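The values are calculated or read from the model by the stated rules, or taken from the named source; none is laboratory data. The structure presented is a predicted model; accordingly, all values stated were derived computationally and were not measured. Methodologically, a virtual Cβ is constructed for each residue, glycine included, from the backbone with ideal geometry; neighbour enumeration extends over all protein chains shown. Ligands, DNA and RNA are excluded from the accessible area calculation, which covers all protein heavy atoms including side chains. Shrake-Rupley method; radii C 1.70, N 1.55, O 1.52, S 1.80 Å.
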Amino acid sequence: MPEALAPPLPPARRPASGWLRQLATGLALAALLALAALGDLGWDWRLRFWTGTAHPSELSPGPLFEAARSRGRLLVGVREYPRPALPGTPVRPEPDLLDAALARALGDYLNLPVELVGLPPAERDAALAEGRVDLLIAGAAQQPGGTDLPVAARRTEGALLALRGLALAADAPLKGHSVCLAEGSPYRRELAERHGARVRAYPSSIRAIGAFLAGECAALAEEASLAGWLLQQPDWRFYRRLPLALEPEAIGHVRLPAAEPQSRRWLAAALAEWRRSGAQDAALDQRLGELSLDVLKLGAGLTCH
């Protein structure tokens, strides 16, 4: 039987590309199984793994915040101002909603209750230096030595509103014109330095809006979504949006009493987490909602004291 004498055929070899595909598939499956095994740690852990950022609970807060832990509460200096109320009605200044939301978030990261300390601009530096507050949240302040609040994920543009009949130069439409805006506005520097506008800052957005409606300024600078909402209101039919987009800088500024490295690292991680988690956007949504309500109150004849 000649066929019995024939040497056995060697096993068929698979193309090298087939082995490579199998190897790639195996590696991908192993990666998916590894992530699944870490599922109990949550999506935030995986996000930090890929981005290299740390949650504030994973860091030492540093001596400046440890002092607050020893006291048992976090003292935070914030902006405060009255909101529209009936004429003759006694009102008390209220903390800025964005400042208050951030202060409470920092307290949560430290597992501490928060005491909000409303401070007028003239008292803020002294309160911080004298230890009356652990930190200061006061809008986009110009003082050095602080940590900027990053621009929110969903808000990247400011808008300018003006009367429809306002005559503006084509090459430099804002040069020499006054612009109403709120203290700590992220558009202030661009308006003054790039556009040559005369900036007039007010304690709050509602005060800036009221001043603009009263004719104290030629234009109003505000967040684009609020500006769009204002133009939909019947009382704003005589106004228009100017064809200029404003790019925000930092939307706020947090200052510590000293430039202590570990405390600043912890604060930077806390601010990054506040933004990444969506809490910053939620706080801005609430603030814009309350501001819209204040505008309606203003239109109904209520005033800011």
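Some points to look at:
- Each Lys and Arg adds +1 at its Cβ and each Asp and Glu adds -1 at its Cβ; summed about the Cα centre, the stretch 172-270 shows a dipole of about 140 debye.
- Looking at the stretch 85-141, the GluC sites (Glu not before Pro) that sit in a DSSP loop and have at most 14 other Cβ atoms within 10 Å of their own Cβ are GLU130.
- Between ALA122 and LEU166, full extension at 0.36 nm per residue minus the direct alpha carbon distance yields a gain of 12.3 nm.
- Accessible solvent surface per residue of the stretch 73-127, calculated while the other protein chains remain in place, 1.4 angstrom probe, Å²: 47 Å²
- Solvent-accessible surface of the stretch 215-302, averaged per residue with a 1.4 angstrom probe and all protein chains in place: 44 square angstrom.
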